[in-house]
Structure formats: C-alpha cells, structure tokens
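Step one of this worksheet: look at the structure below.
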Amino acid sequence: MKRTLWLVLLALLALPAHAQQANNGLALHGAPKYPADFQHFEYVNPDAPKGGQIRLEGLGTFDTINPFTLKGVSADGAGALFETLMIRSLDEPFSQYGWVAETVTVAPDRGWVSYKLRPEAKFWDGSPITPDDVIFSFETLRDKGHPSYRSYYKDVVKAEKIGDREVKFTFKDTTNTELPLIMGELPVLSKKYWTGKDFGATTLDASIMSSGPYKIGDLQQGRSITFARVKDWWAKDLPVNKGRYNYDSIHYDYYRDATVALEAFFAGRYDYRFENIAKHWALDYNTPAVKQGLIKRQELKNELPAGMQAFVFNTRRDIFKDPRVREALGYAFDFEWSNKNAAYGAYTRTKSYFDNSELAATGLPSPAELKILEPFKGKIPDAVFTQEFKVPTTDGSGDNRENMRKATELLKAAGWNLKDGKLVNAEGKPFTFEIIDAEPMFERWVQPFLRNLERLGVQATFRIVDTAQMQNRLDDFDFDMTITVFGESLSPGNEQYDYWASNKADVKGSRNLIGVRDPVVDALIDKLVHVNSREDLVTITHALDRVLLWNYYVIPQWHIGTYRIAYWDMFAQPAIAPKYGLEVVDGWWIDPAKAAKIFDVQKRNR
C-alpha cells in the first residue's frame with residue numbers, strides 16, 4: 001500500500017508543470033460558487049429576448065475608443081468592444097469564470113497560471129484568437145498601455161505559448177495571490193490589427209478589429225457613439241454570457257453638464273439615468289412623466305465598499321506637506337450643514353477608505369491588527385494605537401466656531417499665523433491654493449468650504465475645467481486640491497499600489513494623486529497583496545485604512561449605500577439582482593409592449 005502511494009506521488013511529480021488541475025473558474029480565496037457545468041449566472045434571465053436600443057448619457061466629451069491608454073478621454077461603453085480571458089461574477093467577492101479561456105490552471109505555489117483558449121474563440125473577421133494574440137495583448141498593455149498595467153504586471157516575468165491553444169504566465173513572486181486573477185482580466189487584442197499602429201495614440205477608427213459583443217455602429221466625435229450588437233458573436237451562448245448583452249444597440253449622447261443631461265432625460269432623449277446628485281433626486285423628479293409612472297425611480301441597496309470620495313490634497317505642494325495643516329483644513333468642511341442644505345440629508349459622512357463594508361476600520365485596533373501595526377511604532381501616528389479615528393462634526397446650524405478654533409491651533413502649531421486677516425508663514429508667504437474639478441454640481445458644496453477657509457485666513461478658489469483639461473492636469477499632478485473618488489472592491493489588492501505606493505508618486509497617470517510616499521503604506525500594501533485568507537485580508541485592510549486616515553491625506557466627503565436609478569418604463573429585468581453590481585446595460589432587456597407605449601409618449605413630447 002505504501003509502495004503504491006509512493007509510486008502515485010512520483011508520477012504526479014513527474015507531470016509537466018502545465019498538467020495540474022484545469023478549472024472553469026477561480027476564486028481569490030476558497031472555491032468559486034459555480035460548478036464546471038453551470039448554465040448561467042443566477043442574476044440573469046437566460047431567456048431574455050434580444051432587440052431594441054438603450055439610449056444613455058455621456059458627460060463632457062471623448063476623443064478615443066481605446067480605453068486602455070493614458071492619452072485621451074475614452075468613450076463611454078468602449079469596453080464592450082473587447083473580451084477578457086475570464087469574466088468576474090457579480091455575486092461573489094472575487095471569482096472569475098472562463099470567457100475567451102476555456103479553462104484556467106494555477107500552479108500549487110501560484111508561481112504561474114495558464115489559460116487554455118476556447119477553440120471557437122474568434123475575432124469579428126472570423127480569424128481565431130490565438131496564444132500569440134494573448135501574448136501580444138499582455139506585452140502591448142504592459143509596454144504601451146496606461147501606466148497602471150505596468151504596475152499590475154510587474155511580477156510577470158514571462159508569457160509563453162505552451163500548446164496550440166494554451167498560454168502560460170510565469171511570476172517572480174509566488175506569494176502575490178491575486179496575480180492569477182489579474183491575468184484573467186487581461187483584455188484580448190488583435191495582433192494583426194494593432195501591428196504597425198501606435199497603440200498609445202488616440203483613435204476613433206470605427207473599423208477597429210476586436211471580438212467583443214458590440215461593434216462601433218456610428219460615431220460623432222465628442223458628441224455621440226452607438227454600439228451595435230454582433231449578431232453572430234461567437235461567445236453569445238457561453239454560460240457566462242447567457243442572458244446578457246440583450247440590446248441590439250447602445251447609444252450614448254454627450255451633454256455639457258449634469259443639469260442639461262437631466263433635462264434631456266425628462267424630454268425623452270435617453271432612457272436610463274444613474275442619479276448621483278442628491279438635489280436632483282430630492283427636488284427635480286416631480287414631473288408629469290414620473291407622476292404618471294412613465295418614468296420609474298428606484299433606490300437599490302448595494303453591498304459594495306463606498307470607496308473614498310474626498311477633497312484630495314496634492315502633498316507635492318509645500319503647503320500641504322505638514323499633516324497638521326491637512327488636519328486643520330478638514331475642520332473647515334461643515335458636512336452636516338452642507339448635507340442638510342445642499343443634499344436634503346441624503347448622504348452619510350465617509351469615515352473610512354472602505355466604508356459601507358466589513359473592510360472599514362472601526363473602533364480601536366483589534367489584537368490581530370495590533371500584531372500588524374506594532375512593528376511600525378514610531379513610524380506612524382501614535383493615535384493609530386490609542387484612538388478611534390473620527391472626522392470633525394458639527395450640529396448642522398452653520399455655527400462651527402469650535403472647529404474653527406481647533407483648526408487655528410493646528411495651523412499655528414504648523415507655523416501659520418494671521419496677519420492683517422491673512423494666514424501667512426514665517427516668510428510672510430500667504431496660504432493660498434486652488435481647487436479644480438470638471439463638475440459644476442460641486443460648487444454648492446465647495447463654496448461654504450471656501451467661506452470657512454476664508455475665516456481661517458486661507459485664500460482658496462474653485463475652478464471648473466473641461467473634461468479633457470481635467471484629465472490632463474490630474475495625469476500630470478498639476479493641481480493643489482481636487483475632488484475625486486478612490487473606488488474600492490471587496491477584494492483590495494494590487495490596485496492599492498497605484499493608489500498609494502511610493503514608486504507611483506512620480507508616475508504620470510497613476511492614481512497616486514496625493515503623492516503618498518510612506519514606507520509603512522508600501523509595506524502594508526505588500527502584506528495585503530500576499531494575503532492567503534479572507535480573514536487576513538480584512539485585518540490587513542483595516543490596518544491600511546487606519547494609517548491612511550491618520551495621515552490626513554484627504555478630507556472625506558460622503559457616500560450613499562444605494563444606487564439611485566431612474567428609467568423610462570420600457571425595460572424588464574431579472575428576478576434576482578447581483579449583490580455586487582448593477583447590470584442595467586448588460587442584463588436588462590427591452591419589453592416591446594412597454595417600449596411601444598413609451599415611444600409614443602416621447603414622440604408626442606418632442
């Protein structure tokens with residue numbers, strides 16, 4: 001018996017590296033939910049009819065349909081042109097299932113991953129998707145794509161073809177547990193199409209070759225774009241795509257700002273709206289179409305981390321290098337008053353980079369968190385260990401004198417004093433800075449903040465810039481303060497490097513807008529990326545959250561734990577909604593009878 005077992009073990013060891021167990025799916029921690037013979041995701045209707053058009057809004061402009069590069073502003077919906085090796089499910093924290101790839105195989109030590117491509121996978125011109133295309137895609141995105149790809153793929157040392165339909169990626173770091181799933185998200189590009197073209201340049205080539213569910217149907221630069229469903233799409237009957245991509249076309253019209261876009265929605269110019277302005281939601285939907293039930297409104301609770309929407313300091317600027325200054329300015333933001341007067345009490349103050357989820361740090365550090373944090377004593381604020389982080393609060397009356405007093409004390413301790421009503425440093429230089437954003441809707445939040453800053457002696461201004469200029473200035477870190485969202489998932493990992501890592505602080509186009517250069521933050525991200533269990537991931541995320549919060553890199557704003565959506569009543573939707581996403585574009589469909597009624601109403605309104 002022992003001899004037989006030994007022979008079996010020897011035989012297993014003698015197998016080639018790629019002869020490990022091939023699977024239809026992969027989970028970051030544990031096993032994926034859906035078995036190899038699953039027929040469709042639970043949150044779709046596999047019998048959903050195809051047809052009709054959904055019209056959507058775009059804000060600002062666009063000048064490229066390549067969503068993978070730093071240059072240009074990509075058109076909304078351009079991702080539908082492309083496919084990935086695997087696709088993420090929306091009812092699990094982080095699991096993937098085969099799309100272009102038929103199966104995925106991961107080394108026992110996670111030192112490599114291989115994907116066997118489906119024999120039927122092909123581009124729109126009928127040519128097969130090959131390992132050469134996959135390797136070309138990886139190398140092109142790494143070398144010429146957005147800088148974030150270089151960060152994601154930095155531990156991939158080799159991509160090689162190991163069979164007619166199989167490609168293998170070898171990693172230098174076998175403890176980066178997320179890497180196999182990161183490679184599963186690799187967009188597949190056509191080597192034949194892109195060879196000889198400048199991948200890093202903007203492009204509006206409507207004849208672009210790809211393999212996704214939609215092609216370019218019509219394109220008016222900066223004004224509108226229409227995606228037409230590929231009727232003979234090779235992947236339409238795969239389990240991961242059953243019940244999805246149901247519209248014959250998806251059309252985006254672009255508007256100058258959110259107010260103009262809302263007026264266009266009520267006029268029937270487009271069909272579905274994701275509402276992110278509380279004032280609009282509270283006051284502006286009192287229209288005949290809403291009262292008559294022609295426009296439906298819904299608030300759908302979600303279970304996703306809210307991320308961090310905030311006023312963001314550019315710590316590359318000398319005036320923002322001192323954390324006491326950053327903390328002081330936070331006292332000038334009276335959230336409670338603004339929430340009541342500008343948003344009708346709709347929002348919750350954000351208190352964590354991972355709010356609205358189990359990943360948010362609360363209270364004092366747990367014993368498990370302390371075990372992670374204690375080696376960094378003396379390198380992080382002492383308060384991390386002794387106090388619960390709290391954002392400044394007020395009673396909402398507009399009288400925040402106590403907060404102003406605390407801010408003044410902090411500024412004075414940092415070397416800033418009032419002189420003739422102006423805050424100046426020891427050299428007499430005034431404290432002045434500019435806040436930039438592309439959204440005029442933020443002005444009603446920013447102006448009260450500016451008034452409070454003025455009471456402190458700070459000379460701050462707010463400038464609205466166009467979408468393209470905004471993107472360029474963020475890419476070049478050419479700003480003092482801005483408003484942005486650091487989005488988070490249920491499985492934070494390698495993207496945290498792009499957000500906070502020291503080696504990203506000078507990489508143009510990175511998401512390290514703040515300019516964080518902290519060896520402790522770097523070390524915590526390393527721990528997070530190399531975690532082996534969900535429990536440890538949550539613990540390390542709590543520790544990272546605390547260190548970021550206590551360094552006052554941002555002034556947290558607000559979030560809401562629901563999706564606010566409005567749509568003309570022409571759609572049908574699956575009985576089960578995904579826990580971790582909103583599948584209106586990918587999973588809803590047109591109800592012909594409802595659509596006929598709505599079309600008549602919209603036609604009369606024009």
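The values are calculated or read from the model by the stated rules, or taken from the named source; none is laboratory data. Note that this is a predicted model, so its numbers are computed, not measured. All Cβ positions, even for glycine, are placed from backbone atoms using ideal geometry, and neighbour counts span all protein chains on display. For the accessible areas, the whole protein counts, side chains as well, though only heavy atoms, and no ligand, DNA or RNA atoms are used. Shrake-Rupley method; radii C 1.70, N 1.55, O 1.52, S 1.80 Å.
Odds and ends about this structure:
- When L59 is tested against (1) open to solvent by less than 40 Å² (accessible area, probe 1.4 Å); (2) over 25 Å from L189 (Cβ atoms), only condition (1) is not met.
- Criterion violated by K197 - all others in (1) open to solvent by less than 40 Å² (accessible area, probe 1.4 Å); (2) not aliphatic (A, V, I, L, M); (3) not in a strand (DSSP E or B) satisfied: (1)
- Selection from segment 62-114 of residues that are hydroxyl-bearing (S, T, Y) and in contact with a His (Cβ under 8 Å, 6 or more places away or on another chain): T69, T105, S114
- When segment 249-263 is filtered for residues that are within 21 Å of E443 (Cβ to Cβ) and not aromatic (F, W, Y), the ones remaining, listed by number, are R256, D257, A258, T259, V260, A261, L262, E263.
- Beta carbons closer than 6 Å, at least 6 apart along the sequence or on distinct chains, pair a first residue in segment 419-440 that is under 25 Å from F477 (Cα atoms) with a second that is charged (D, E, K, R) and part of a strand (DSSP E or B) for P430/K422; E434/R463; I436/R463.
- For segment 67-143, the strands (runs of 3 or more DSSP E) that sit wholly inside it and include 2 or more residues that are of a type in the set (G, A, S) are 95-98.
Each row is one residue, and each column tells you yes or no for (1) of a type in the set (D, E); (2) in contact (Cβ under 8 Å) with a residue 12 or more places away in the chain; (3) not in a loop (DSSP other than H, G, I, E, B).
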residue: V446; (1), (2), (3): no, yes, yes
residue: Q471; (1), (2), (3): no, yes, yes
residue: E488; (1), (2), (3): yes, yes, no
residue: P492; (1), (2), (3): no, yes, no
residue: Y497; (1), (2), (3): no, yes, yes
residue: G515; (1), (2), (3): no, yes, no
residue: I525; (1), (2), (3): no, yes, yes
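- Of all residues in segment 205-214, one or more are over 22 Å from the mean Cα position of the chain (by Cα), open to solvent by less than 10 Å² (accessible area, probe 1.4 Å), within 30 Å of D257 (Cα to Cα) and of a type in the set (A, V, I, L, M, F, W, C).
- Restricting attention to segment 117-135, the residues that are in contact with a strand residue (DSSP E or B) (Cβ under 9 Å, 6 or more places away or on another chain) and either free of Cβ contacts under 8 Å to residues at least 40 places away in the same chain or open to solvent by 20 Å² or more (accessible area, probe 1.4 Å) (or both) total 10.
- Exactly one residue out of K419, K406, K371 is within 30 Å of A342 (Cα to Cα), open to solvent by 30 Å² or more (accessible area, probe 1.4 Å) and not acidic (D, E), and it is K406.
- Restricting V106, V157 to residues that are within 28 Å of N503 (Cα to Cα) and either open to solvent by 10 Å² or more (accessible area, probe 1.4 Å) or of a type in the set (S, T, Y) (or both) narrows the list to V157.
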